[in-house]
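Enquirer: Questions regarding the structure given below will be posed in turn.
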Amino acid sequence: MEDGVGGPTVEEFLTMSEEQRAGLPKARQKKLAKLAEVLRRKQAKEAAVSAEGSETSGVPSKRSQAKAQREKSAHAAMAPIDFVNTTPKGEFKDMTQPMVNAYHPKSVEAAWYEYWEAKGYFSVDVDSSRTHAGDQQFVMVIPPPNVTGSLHLGHTLMIAIQDTLTRWHRMSGRTALWLPGVDHAGIGTQSVVEKDIWKREKRTRHDLGREEFINRVWAWKDEFGGRICNQVRRLGASVDWKREEFTMSDKLSRAVREAFVRLYDEGLIYRETRLVNWSCKLRSAISDIEVDYIDIQKRTMRKVPQHDTEVEFGVLTKFAYKVLDVTDDQELVVATTRLETMLGDVAVAVHPDDPRYKHLIGKKLKHPFVEREMEVIADGILVDMAFGTGAVKITPAHDPNDRECGRRHQLPDINVIDEDGSMSKNCGQFSGMMRYVARVEVERALDSLGLLRGKQENPMRLAICSKSDDVIEPLLRPQWYVRCGDMGKAAAEVVRNGELKIFPEDFKDTWYYWTENLRDWCISRQLWWGHRIPAYRAVHRQSGEASWVVGRTDEEAMARACREWNTFPENISLEQDDDVLDTWFSSGLFPFSTFGWPDEEHPDFRNFYPNSILETGHDIIFFWVARMVILGMKLTGKLPFHTVYLHAMVRDKTGRKMSKSLGNVIDPLEIIQGCSLDNLLDKLSQGNLDPTEIQKAGDSHKADFPEGIPECGADALRYGLLAYTLQERDMNLDVSRVVAYRNFCNKLWNATRFALLNLGPDFSFSVDYFRSQLHAARTIDRWIISQLNETCKGVDCNLKEFRFADTVGLTHNFWLHDLCDVYLEASKPIMRDGDHDSMMIAKHCLYYCLHVGLRLLHPMMPFVTEELFQRLPNRRSHDPVESICISPFPTWESRFVDDEACQRVERLMRITRCVRSTRASYKLPPRATPKVYILCRTEATLEHVEDMTPEIATLANLSLAKPLSISAKDEVPPGSAASVVDDDIEVHVSLQGMVDIPSELAKLRSSVAEREILLANYVRQTQVPDYETKVPAQVRQKTGDQILRVSQEMEVLQELVERFQGLLLSSGLDRGLENALPDPS
């Protein structure tokens, strides 16, 4: 080996003595030492490769080729197929065709939902509910999704949880009513329709007028509003569609008016002018939940609706106000991130103890642009002397803190921004400009007057309207409010005393925080689409006196006005408020308005209210859940439900919120029916994403879904989401895990298909035979029934306590491990070669597992379980129900408890795992069928093992499984690998003819030699002078980790060397071979 420099080669260097090496230049010594180490490592690797022979010659082994072929075949079998549903809508699906060899969601899920709906399985009438009162009744309303919306993964999780509960209660014999509905979504719907009209006609709602615009919204709702309901059907939601509600229906609108009038009459609704979250684009106040916040760290340009150019944010602008009536030229410098609001300044506040400004308190300031004198005021509450200049401009009409300050000092409120975002008439030369145009112009004007004092970057939090992407403007507007203080405290108390239960209980603290500090609720919105507020401005025609009155109808409002002024209708003009109610107001009535309230004698109200449970996302615990509770208690005198279950927020796998602006939103239908990578990328480019975000999202899609998202089906998506519910607050969803549950569906399909082939079409299950003969069945038969029985118990218990992830775990383990991996495999010999009686009871056990196991899964996976349930041979001979969704949910039965069988099979599995571990340790190929000798120390153990010998041989793939007494140890052939199972059992796997012991030993020793060199190198690195002080900590940590890793690998390899040496000695192959083996040094 040449090193490219004159002098000795590496090979020559290795033969040199230490004295000869010392005579070389030090740099040369170091160079050759490194090359020598590389050469030793290379030779060690080559020795290992040589010992492995053709296994690593670059040609794939037969084993790897077979595995690749199996994977290819499985992938091909699961590829989407062209399927056309020929079943007439609402009719029973044709089940005469044989099962295909793989699970295909599209064909499996076809036709069933229409059949369930046509049969009325989900419908509930009052008469049936009367016979199942109290605990025998389950009532729940769906959190009404927006009529404009489409499914997202949050909806999907909600439906998976709620449908699981509903189907479980229905199958458990209870009257189960899950009431569907959609929300009119005031802002969302109005925005969508306005955009559509502008796109088509280039007209605004104001061009159309209120009546025509409302007609357009209803037409849009009729045409597109059912989209989300159809998507809910795709997920299998077993809601009572005959009871579907819409929050703007006549029925629910009546309840809204009634609620408003009652609350007003009790003094709980009032009208007041306050600062509100205002969207200039929508020209409306919006609720807190409709405000998103973005953190800006530095100067940032951002597009804002109604502005042609980008707007600057993240900047603090300083300017001066000149002090009047002083001899010298004094000024106060203030700073703001919203420069345009200075046009509404009425004062400048300083701290009363600030020595810089004490002498100016009470002085007047000149406003540079409007005829307005301002005063320097002292306010120790608002002003922090150490922050900024220590002087704060006061704009009471446009900032909540300034407004409180203004109230303390009786300052006027001067509005400078109108509803559309233009500057008001109070702004002098800037009146009529859009607010951010005015921001630029005010800066220029200040600069020209010599009053600008500079700009600097300033981190800030920007409030954004989630509906319009507009920057929120705090504006003073007269609004209607609900007084919530006492009602909030009552809502806290019902949780504290246990009347209302909240799960998970961690959210109780959140509940107390919100309800015990409940601020008054702004319920008016300046929209046209929504429940028009039933309040009227009454004006007395003679006196001109004006007053607000309320009424369920125009006539009632007029009558109230007449009573107030003791006059006649002709003397009063009446005009209804143009504003509409916050969408959350009508949604807050949903648990009782849907059942006929305010008619408390309505049969639905009497039978279905209060509801049993409310299930929703924890993000709306305040915006919706708390409001339902306070309104329900106040208006009906009862809690609307006795239990609240809050699910987690669905985020992407990295923990980011799923957002259209990030491009990480996955449509559930893309998972259900599959989506190519090209379509995923096209969707990104069609949106309004920033190019940087498009690149990020595209790279993520390419990494996560290189071949697109495979067709998973609704069942796998539901089951996968339920598995994630261990996470209480945030669910970081990895879609690839849903794909894994699609594979579980395929396993379920093929297991049932295999079972049906073994049962045969003529098999008929007999309940009497099964129960009478089970005691005489094989241990493995009794074990599987006992395992299934315990699974039934666990599932029922978990669902009662909302432990959905645990329910998934139990059912998944039963089907995948107990039934498929153990029972089906162990039963193959009996199904093939067993006697009639043994085969018959085994078939009954197998059928029973399918019949019960599918019903256990059904609430979570409705489609595939119905498909397989209907394929059970001659099921109607013992089970008359038409559909699995109305069949009884399995329950635990004491007769099926069999502890002895479970203990024996547990021992069987320990033996099997021990044999499999030995096979892996000695690298036996999967098709190898070694002989195994099982040594038992007691006669009882020997008897148990003899009973399970056929199953051991089958599960461990053995040519012989021979139980022996410990006294017969001599029968174990030499060259066997021994392992201890427990205190009573040893397993000896005969390796004669299975393993080339000398060759394996040579390979292991070569591997040990290679790692010794590596370890010596790493240790040598730690022995350099001043290692602890001169080498960086992260490097020392990495070296230490490498030493630990290589040491652990050497321990394992040394153990294997010793094991093979023992085999070598016991087999007699060691004689004359030791000299032929390579020296590990």
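The values are calculated or read from the model by the stated rules, or taken from the named source; none is laboratory data. Remember, predicted model here, so these are calculated numbers, not experimental data. FYI the Cβ positions are ideal-geometry reconstructions off the backbone, even for glycines, and counts take in every protein chain you see. Each accessible area value is taken on the protein alone, full model and side chains, heavy atoms only, with ligands, DNA and RNA left out. Shrake-Rupley method; radii C 1.70, N 1.55, O 1.52, S 1.80 Å.
Enquirer: Measuring with a 1.4 Å probe in the full set of protein chains, what accessible area per residue, in whole Å², belongs to the stretch 508-659?
Expert: That works out to 39 Å² per residue.
Enquirer: Using a 1.4 angstrom probe, figure out how much accessible area the stretch 903-990 has per residue, in square angstrom, rounded to the nearest whole.
Expert: 46
Enquirer: For a paramagnetic label modelled at 7 Å from the Cα of Asp384 toward its Cβ, which residues of the stretch 267-311 fall within the zone defined by backbone nitrogen distances under 19 Å?
Expert: In the stretch 267-311, the label zone of Asp384 (backbone N under 19 Å from the point 7 Å along Cα→Cβ) covers 295-298.
Enquirer: Treating the angle as unsigned and between 0 and 90°, give the value, to the nearest 10°, between the Cα long axis of helix 997-1021 and the longest Cα principal axis of the chain.
Expert: For 997-1021 against the chain, the angle is about 50 degrees.
Enquirer: What shape does the chain have by the C-alpha gyration tensor, where a ≥ b ≥ c are the square roots of the eigenvalues, rounded means a/c under 1.5, and otherwise prolate means a/b greater than b/c and oblate the rest?
Expert: Taking the square roots of the gyration eigenvalues as a ≥ b ≥ c, the chain is oblate.
Enquirer: Same structure, new question: So how far apart, in nm, are the two label points at Glu266 and Asn813 if each is 7 Å from Cα heading toward Cβ?
Expert: 4.9
Enquirer: Then there is this: Just subtract the alpha-carbon distance of Asp420 and Glu943 from 0.36 nm times their residue separation and send over the number in nm, one decimal.
Expert: My answer for the length gained is 179.4 nm.
Enquirer: Under a point-charge model restricted to the Cβ atoms of Lys and Arg (+1) and Asp and Glu (-1), what is the dipole moment magnitude of the chain relative to its Cα centre, in debye to the nearest 20?
Expert: 1380
Enquirer: Could you work out what % of the accessible surface of the stretch 997-1066 is carbon and sulfur, using a 1.4 angstrom probe and leaving DNA, RNA and ligands out of the count?
Expert: That fraction is 54 percent.
Enquirer: Tell me which residues come under 5 Å, amide H to amide H, from His647 once H is placed; ignore anything under 5 positions away on its chain.
Expert: The answer is Thr616, Gly617, His618.
Enquirer: Here is a follow-up. How would the stretch 682-741 be classified by its alpha-carbon gyration tensor: rounded, prolate or oblate, with rounded meaning a/c under 1.5 and the a/b versus b/c comparison settling the rest?
Expert: In terms of gyration-tensor shape, prolate.
Enquirer: Could you give me the ³J(HN,Hα) list for the stretch 89-101, computed from phi with Karplus coefficients 6.51, -1.76, 1.60 and θ = phi - 60°, whole Hz, x at Gly and Pro?
Expert: 4, x, 9, 5, 5, 5, 10, 7, 6, x, 5, 6, 7
Enquirer: Can you give the charge dipole size of the stretch 290-470 about its Cα centre, rounded to the nearest 20 debye, using +1 on the beta carbon of Lys and Arg and -1 on the beta carbon of Asp and Glu?
Expert: 320
Enquirer: Whose amide H sits under 5 Å from the amide H of Leu964, counting only residues 5 or more places off or on another chain, with H placed in the peptide plane?
Expert: The answer is Ile934, Leu935, Cys936.
Enquirer: Would you mind checking which residues have amide H under 5 Å from Leu527's amide H? H placed 1.01 Å from N; only 5 or more apart, or other chain.
Expert: Val580
Enquirer: Pick out, from Gly544, Leu382, Met434, the residue whose Cα sits farthest towards the positive end of the charge dipole of the chain, with +1 on the Cβ of Lys and Arg and -1 on the Cβ of Asp and Glu.
Expert: Going by the Cα projections, it comes out as Met434.
Enquirer: Evaluate E = 1/(1 + (r/R0)^6) for Asn230 and Arg563, where r is the Cβ-Cβ distance and R0 equals 51 Å; express this FRET efficiency to the nearest 0.05.
Expert: So, using R0 = 51 Å, E works out to roughly 0.55.
Enquirer: Now a separate question. Could you run the Karplus curve 6.51 cos²θ - 1.76 cosθ + 1.60 with θ = phi - 60° over the stretch 377-386 and give me ³J(HN,Hα) per residue in whole Hz, x for Gly and Pro?
Expert: 3J(HN,Hα) across the stretch 377-386, in whole Hz: 10, 9, 9, x, 7, 7, 8, 9, 4, 7.
Enquirer: Tell me, what ³J(HN,Hα) does each residue in the stretch 1029-1042 have, in order and in whole Hz, if you take phi through Karplus 6.51 cos²θ - 1.76 cosθ + 1.60 with θ = phi - 60° and put x for Gly and Pro?
Expert: Coupling constants for the stretch 1029-1042: 9, 9, 8, x, 4, 5, 5, 4, 5, 5, 5, x, 5, 5 Hz.
Enquirer: What is the percent carbon and sulfur in the accessible area of the stretch 734-895, measuring with a 1.4 Å probe over the protein chains and ignoring ligands?
Expert: Whole-percent figure for carbon plus sulfur exposure: 50.
Enquirer: I've got another one for you. What does the charge add up to near Leu669, with Lys and Arg as +1, Asp and Glu as -1, over the other residues with Cβ less than 13 Å from its Cβ?
Expert: Its environment carries a net charge of +1.
Enquirer: Quote the convex hull volume per residue of the stretch 734-895, based on C-alpha atoms, as a whole number of Å³.
Expert: So the per-residue hull volume is 110 Å³.
Enquirer: Which value in nm describes the separation of the simple spin-label points at Thr273 and Lys638, placed 7 Å from the Cα toward the beta carbon?
Expert: Taking the simple label geometry, Thr273 and Lys638 are separated by 4.5 nm.
Enquirer: Moving on. Just report the Cα centroid separation between the stretch 257-284 and the stretch 397-442, whole Å.
Expert: The stretch 257-284 and the stretch 397-442 have Cα centres separated by 23 Å.
Enquirer: Between helix 713-723 and the chain, what is the angle of the helix's C-alpha long axis to the longest principal axis, kept within 0 to 90° and rounded to the nearest 10?
Expert: 90
Enquirer: Please give me, ordered by residue number, the GluC sites (Glu not before Pro) of the stretch 219-281 that lie in loop per DSSP and have at most 16 other Cβ atoms within 10 Å.
Expert: Glu266
Enquirer: Name the shape class, rounded, prolate or oblate, that the alpha-carbon gyration tensor gives for the stretch 290-470, where a ≥ b ≥ c are the square roots of its eigenvalues, rounded holds for a/c under 1.5, and otherwise prolate holds if a/b is larger than b/c and oblate otherwise.
Expert: Cα axes put the stretch 290-470 in the prolate bin.
Enquirer: Now, a different point. Under the 0.36 nm per residue contour assumption, what length would be gained going from the current alpha-carbon distance of Ser1047 and Ala805 to full extension?
Expert: Extra length available between Ser1047 and Ala805 comes to 83.2 nm.
Enquirer: Specify the angular offset, from 0 to 90 degrees and rounded to the nearest 10, of the alpha carbon long axis of helix 691-704 from the longest principal axis of the alpha carbons in the chain.
Expert: So the inclination is approximately 30 degrees.
Enquirer: Next question. Suppose R0 equals 60 Å; then what is the FRET efficiency for Glu900 and Ile289 from their Cβ-Cβ distance, rounded to the nearest 0.05?
Expert: The computed FRET efficiency comes out at 0.55.
Enquirer: Round to a whole angstrom and tell me the spacing of the C-alpha centers of the stretch 742-806 and the stretch 1037-1067.
Expert: 44
Enquirer: What's the extension gain from Lys322 to Gln1021 if we count 0.36 nm per residue and subtract their Cα-Cα distance?
Expert: 244.5 nm
Enquirer: For the stretch 1009-1034 and the stretch 313-385, write down the distance between their C-alpha centroids in whole Å.
Expert: The stretch 1009-1034 and the stretch 313-385 have Cα centres spaced 66 Å from each other.
Enquirer: Tell me the per residue accessible area of the stretch 290-470 using a 1.4 Å probe; a whole number in Å² is fine.
Expert: Here the residues of the stretch 290-470 average 48 Å² of exposed surface.
Enquirer: Still on this structure, please answer the following. Compute the FRET efficiency between Ser917 and Asn732 as 1/(1 + (r/R0)^6), taking r as their Cβ-Cβ distance and R0 = 35 Å, and round to the nearest 0.05.
Expert: 0.55
Enquirer: Let me ask something else. What net charge is computed for the residues neighbouring Ile381, neighbours being all others with C-beta under 15 Å from the C-beta of Ile381, Lys and Arg scored +1, Asp and Glu -1?
Expert: -4
Enquirer: Pick out, from Phe869, Ile966, Ser466, the residue whose Cα sits farthest towards the positive end of the charge dipole of the chain, with +1 on the Cβ of Lys and Arg and -1 on the Cβ of Asp and Glu.
Expert: Ser466
Enquirer: Between Lys303 and Asp447, what is the spin-label point distance in nm, taking each point 7 Å from the Cα along the Cα→C-beta axis?
Expert: 2.6
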